[in-house]
Structures are given as structure tokens and as C-alpha cells.
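Participant: Just passing along the structure, written as C-alpha cells.
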Amino acid sequence: MKLVYFGHSAFQLETGGATLLVDPWITGNPRAEGVISPDELNPDVIFLTHAHEDHLGDAPEIAKRSGALVVSNFEITSYFSREHGHDHVLAMNTGGAWTFDWGKVHQTYARHSSSFPDGGYGGNPNGFVFEIEGKSAYAAGDTCAFAEMEWIGDDFEPDLALLPIGDCFTSGIRDAVRAAGLLRPDLTVPVHYNTFPPIEVDVSQWEQLMDEAGFATRVLEPGGVLEI
Ligand code: NI
Ligand code: MN
């Protein structure tokens, strides 16, 4: 499958069977500017890790235009039905899995918060594990490292992990290296950094610490593509 990164936590997985869009914050995302416009995105499924604006982003508009299935926690999928008249949704919750005709997705725990831009309750935050075409990719969502990441490593042996490194709102560099140690992915792509001042980090420090720990990482610029 092909990963296309749009900056911050927004990315797309392109598989033989479906195009999956995750946390599509494009409008107002300084990292996505000039890289992609929401109108160009035509996913089959949109996955949302939580309700914060920098993840929910353009999802309502993209969902309505494309007719994509929206997969998220119950509170967020209810919001799509109630506020946007978009009923093509699948509600999941932490620990649950769903089998699609293109693969299987597990909704994982994330240690964070989740509220809508108006302050309304957005359910619990999550991550996702995508098992597609014999590969597994773990998108942690917004979280710190947590001990049960070891179970995710045991259960899915991730080929790819997307881990937040920007600190302040999520794990920072050292905590994300610890997360990689628990998950033991073949490759880690850092996300959720250098979007705005509170989450500016020195990415070369991340690369150096991952190298010292014996883990492969690939820093993707917005628009960057990766085949796994
Ligand atoms: Ni958040
Ligand atoms: Mn965030």
C-alpha cells in the first residue's frame, strides 16, 4: 500500500481495494498549504482519531462531497449524522475491530482528550491499526507513549508506525522513541510536529535518537510518499 503524507497528522493510504484518508486537516494546516487541496481528495473511507480541529479538519466537507464512509468513535460518527446529515458512518470504540472487503482495522487506545471545536464532547481519542494486503500500519493518533503499545507490537508486528513527536500536546521526541521501542515497527514516520510554534522540534535529533536505538525512521515532507 502507498502512504501519502499531507503534513501534521493528515495522510492517505492507497491500497488495491480502497483509498483511506486519516485526520484530513487541510484547510488552515500550514504544512498542507500548496501540497493538496481538500477538493482533490476522493477517499472511500475517512478515519478520524478524535474530534480536535487539527484532526477533524475538512472531514465533513470531504465526506459530503465524496460520499465516503466515516469511521470513528460513536460520538464523532453521531456528530456527522446530526450536524452534517452524513449517515454513511461506522461507529467503533476502543479495542474494537472491523473487517472491510479491503482489510481489517482495529481501533486502539490513545491517551489524550477529544472535544469538538465548539467544546462539545468528542468521545475518547483513539488510534488505528490497518491490516491491509498482508501489511500492518499503526497510526497512534494524538497520544503519549503508553505501556500497552507493547501489546500492539506483539499482536500486529507493525510494518509501519506513525508516531507524534511534536511534544506539548502529545509525545515528544524521547517519548516517541520509547513508543518505537514498545511497538518495534519496521519503519516509523514522525507526525504532529513543526506545524505551529508549540510543536516545533529538531527532527535531526529524532533521527539521531532513533538511529542510536536501532530503529528505522523516514521523515516525510508534506506531499511525501512511501510504499510499504
Ligand atoms: Ni488532539
Ligand atoms: Mn492534534
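Please treat every number below as a calculation from the coordinates, not as lab data. Every value quoted in this text rests on a predicted model; they were computed, and no experiment measured them. Every residue, glycine among them, receives a Cβ derived from its backbone with ideal geometry; neighbour counts consider all protein chains shown.
Participant: Please give, to one decimal in nm, the separation of the simple spin-label points placed at GLU212 and GLU33, each 7 Å out from Cα toward the Cβ.
Facilitator: 3.5 nm
Participant: Which lysines does LYS2 reach when only Cα atoms under 18 Å apart count, and residues fewer than 8 places away in its own chain are ignored?
Facilitator: LYS104, LYS135
Participant: Could you grab the relative contact order for region 94-159? Cα pairs under 8 Å, six or more apart, rounded to a whole percent.
Facilitator: Taking the mean separation of contacting Cα pairs over the length of region 94-159, I get 27 percent.
Participant: First measure r as the distance between the Cβ atoms of HIS88 and SER113, then evaluate 1/(1 + (r/R0)^6) with R0 = 30 Å and state the FRET efficiency to the nearest 0.05.
Facilitator: 0.65
Participant: If I take R0 = 25 Å and measure r between the Cβ atoms of LYS2 and PHE196 in this structure, what FRET efficiency does the formula 1/(1 + (r/R0)^6) give, to the nearest 0.05?
Facilitator: 0.35
Participant: Report the chymotrypsin sites (Phe, Trp or Tyr not before Pro) located in region 33-92 that are in a DSSP loop and have at most 16 other Cβ atoms inside 10 Å of their Cβ, or state none.
Facilitator: Numbers: sites: PHE47, PHE74, TYR79, PHE80; in loops: none.
When the chymotrypsin sites (Phe, Trp or Tyr not before Pro) of region 33-92 are filtered for loop state and at most 16 Cβ neighbours within 10 Å, nothing remains.
Participant: Moving on to the next point. Loop only by DSSP, 11 or fewer other Cβ within 10 Å of the Cβ. Give me the chymotrypsin sites (Phe, Trp or Tyr not before Pro) in region 82-180 that pass, ordered by residue number.
Facilitator: none
Participant: With label points built 7 Å along Cα→Cβ from the Cα atoms of GLU61 and SER81, find their separation and express it in nm.
Facilitator: Placing both labels 7 Å along Cα→Cβ, they lie 2.6 nm apart.
Participant: Pull out a ≥ b ≥ c, the square roots of the eigenvalues of the alpha-carbon gyration tensor of the chain, then state rounded if a/c is under 1.5, prolate if not and a/b is larger than b/c, and oblate in the remaining case.
Facilitator: rounded
Participant: Note down the nm distance, to one decimal, between modelled labels 7 Å out along Cα→Cβ at THR99 and at LEU226.
Facilitator: The answer from the label model is 2.8 nm.
Participant: Further question on the same structure: Can you grab the distance from the C-alpha centre of region 22-36 to the C-alpha centre of region 78-124, Å, no decimals?
Facilitator: For region 22-36 versus region 78-124, the Cα centre distance is 21 Å.
Participant: Remind me, relative contact order of the chain in percent, using alpha carbon pairs under 8 angstrom and six or more residues apart?
Facilitator: 18 percent
Participant: To make sure I understand, if each residue's beta carbon is the centre and we count other beta carbons within 10 Å, what order do GLU33, GLU75 fall in, fewest to most?
Facilitator: Values: GLU33 13, GLU75 19.
Ranked by crowding around the Cβ, least crowded first: GLU33, GLU75.
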